[in-house]
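This report concerns only the one structure given below.
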Amino acid sequence: MIKVMIADDDIIVREGLKMIISSQADMEIAGEAENGNAAVKIARSVRPDVALLDIRMPECDGISAAEQMLGEGLCAPLLLTTFDEEDFILRALKSEIGGYILKNSPAERILNAIRTVNAGGTVFQEDILKYVRDKISGTGSPELFRELSERESDIVRLIAEGMSNRQIAERLFLAEGTVRNHISAILEKTGLEHRTQIAVMWLKK
């Protein structure tokens, strides 16, 4: 059972998400909050698997809350955003947060995103990436990945598809520890800091 916490300052949005999530046999609501500070406190208490966070909230925004949750190992955050939050999106894509989805996404897409980040994968809705593609700092050129081996390139591609280390290991018939070692090598060769940046830069190129 995937325990999901919802944080949004709009009660109508929260109620809608609760209905969608509660209808799933493999999910349950683990708590709800109307701002980022409350979300972090609740996460510390109930230890959800996934925190569904509005990117723009009072007192503490979704990005700051997500970063605190990741720093304390509380749960996997999934950010809900809209196209008019460009500055927030650009800031979030430079962090280790691995899940971004538009608020107006169909219910099935939101549910699949929850399952993906719960499994350790990444979610980058293509519409979001198209919107900010040319505004993300750094380079998305092929040269960034020029020094990678064929196996490392395969792993980068699968990271960009949202796969977790375990899923990549199963796909490529490798040990999970071997995948982690390859990712460390990829980060060193590219100068990137974490797998979120790997996915973003690969999708930019």
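The values are calculated or read from the model by the stated rules, or taken from the named source; none is laboratory data. As the structure is a computational prediction, the values presented were derived from the model and not from experiment. As a convention, Cβ positions derive from the backbone with ideal geometry for all residues, glycine included, and neighbour counts pool all protein chains shown. The area values use the complete protein model at the heavy-atom level, side chains included, leaving out ligands, DNA and RNA. Shrake-Rupley method; radii C 1.70, N 1.55, O 1.52, S 1.80 Å.
Residues in region 14-37 that are surrounded by fewer than 20 Cβ atoms within 10 Å (Cβ to Cβ), touching a strand residue (DSSP E or B) at 6+ places or on another chain (Cβ under 7 Å) and not in a loop (DSSP other than H, G, I, E, B): Arg14, Lys18, Ser22, Glu28, Ile29, Gly31, Glu32. None of Leu158, Leu148, Leu174 is farther than 26 Å from Arg115 by Cβ, crowded, with 16+ Cβ neighbours inside 10 Å and either touching a His at 6+ places or on another chain (Cβ under 6 Å) or not charged (D, E, K, R) (or both) except Leu148. Taken as a whole, the condition of being more than 14 Å from the chain's Cα centre (by Cα) and buried (at least 23 other Cβ atoms within 10 Å of the Cβ) applies to Asp8.
Once region 183-205 is narrowed to residues that are part of a helix (DSSP H, G or I), of a type outside the set (A, V, I, L, M, F, W, C) and open to solvent by less than 50 Å² (accessible area, probe 1.4 Å), the residue that is farthest from Leu78 (Cα to Cα) is Thr190.
Taking the condition surrounded by fewer than 19 Cβ atoms within 10 Å (Cβ to Cβ), at pLDDT below 95 and part of a loop (DSSP other than H, G, I, E, B), does Glu96 pass? For Glu96, the condition - surrounded by fewer than 19 Cβ atoms within 10 Å (Cβ to Cβ), at pLDDT below 95 and part of a loop (DSSP other than H, G, I, E, B) - is met.
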